[in-house]
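Everything below concerns the one structure shown next.
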Amino acid sequence: MSFQTALTDDASWKLEIMETPGMFQIIDVHQSWTGPCKAIQSTFKKIFFEHGDKPIKFFTADASKIDAAKDYVGSCEPVFLFYKDGKKKEVRGVDAPTIVKMIYDGLGVDPNAAAAE
């Protein structure tokens, strides 16, 4: 079972991201020639399995295939988008501490309590 779902076109983006209220979504936006960021995969997977009971989904998206991601075409660094109820935040580059904090904040989880579990 993959913990990430590939968003392959505008229809899947609209259905999964824009029409799913209450879900916290993390999208790894990548270039077609690079694929999803491998450096953060283990962190995402750990969070997914520790907090899979919460409303969280992880996605990948090729920037060249989705209109909403066109601004990121040609970027040499990975871009991570965070959506909840249509509101977007982003992190450019693999800044793991910031990414993890944004995920915990989006889930309403205390990172100190999460570390103690």
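Just so you know, all these numbers are worked out from the coordinates, no wet-lab data involved. Quantities reported herein were computed from a predicted structural model and do not represent experimental measurements. Glycine also receives a Cβ, built like all others from the backbone with ideal geometry; neighbour counts cover every protein chain displayed.
Things to note:
- For the chain, the share of DSSP beta bridges that are antiparallel, to the nearest 5, is 50%.
- Rounded to the nearest 20 debye, dipole of the chain from Cβ charges on Lys, Arg, Asp, Glu: 100
- Working from Cα pairs under 8 Å separated by at least six residues, relative contact order for region 24-116 is 33 percent.
- Calculated [222 nm] ellipticity per residue, helices only, for the chain: -7500 deg cm²/dmol; basis is -39500 (n - 2.57) per DSSP H run with n ≥ 4, divided by all residues, nearest 500.
- Relative to the longest principal axis of the Cα atoms of the chain, the long axis of helix 96-107 lies at roughly 70 degrees.
- Computed across region 1-82, the Kirkwood radius stands at 13.0 Å (inverse of mean 1/r, all Cα pairs).
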